[in-house]
Amino acid sequence: MMALGTMAGGWKVVKTLGRGVTKVKPVGGFCAEAGAGTCLLLCSLVGIPVSTTHVVTGSIIGVGSTQRLSAIRWGVAGKIVWAWVLTIPCAAAVSAILYFAAHRL
C-alpha cells in the first residue's frame, strides 16, 4: 500500500519539498540526501526511531536556510508541520474506530 501511495502521490510530495518549501538545486539535493542519510544511519545505530520524511524535510529546510532564511517558504513548512501533528491522533482515532467496528461484527 505504501508503494501504491508513493506511486499515486509521490510526485506531489517531491514537488512540494523540492520546489514548494524552497528551490533545491542538484548540489543542494545531494547535500540534503547525504545529511538525511547520515542522520538516519546514526539514529538507527543508536536505536532511535525517526521518520524518513521528517528527516528529509528537515534536511531540505537546512539546505534552503544556507542561502537565506527568507528562501524558505515558511507557510508551506508550517502546513507540513501541522500535517505531522495531526497525523498521529487522526490515525489513532481511525484505528480505534476500525477496531471497535471489527469487534462488533
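The values are calculated or read from the model by the stated rules, or taken from the named source; none is laboratory data. Model, not experiment: these values are computed from the prediction. Backbone-built Cβ (ideal geometry, glycine too); neighbour counts: all protein chains shown. We work out accessible area using only protein heavy atoms, side chains counted, and drop any ligands, DNA or RNA first. Shrake-Rupley method; radii C 1.70, N 1.55, O 1.52, S 1.80 Å.
Selection of first residues in the stretch 12-34 that are at pLDDT 85 or above and of second residues that are not in a helix (DSSP H, G or I), restricted to Cβ pairs under 8 Å at least 6 apart or on distinct chains, gives the following pairs, ordered by first then second residue: Gly20/Arg73; Val21/Ile72; Val21/Arg73; Thr22/Ile72; Thr22/Arg73; Ala32/Val24.
For Val56, the conditions (1) among the hydrophobic types (A, V, I, L, M, F, W, C); (2) in a helix (DSSP H, G or I); (3) open to solvent by 30 Å² or more (accessible area, probe 1.4 Å) are fulfilled apart from (3).
Of the residues that make up the stretch 97-105, is at least one within 16 Å of Leu17 (Cα to Cα) and either under 10 Å from the mean Cα position of the chain (by Cα) or at pLDDT below 90 (or both)? Looking for residues that are within 16 Å of Leu17 (Cα to Cα) and either under 10 Å from the mean Cα position of the chain (by Cα) or at pLDDT below 90 (or both), one finds none in the stretch 97-105, hence no. Each residue in the stretch 22-49 was checked for being open to solvent by 40 Å² or more (accessible area, probe 1.4 Å) and under 20 Å from Lys79 (Cα atoms), and 2 of them qualify.
The one condition from (1) farther than 23 Å from Thr38 by Cα; (2) free of Cβ contacts under 8 Å to residues at least 40 places away in the same chain; (3) open to solvent by less than 90 Å² (accessible area, probe 1.4 Å) that Ala71 does not meet is (2).
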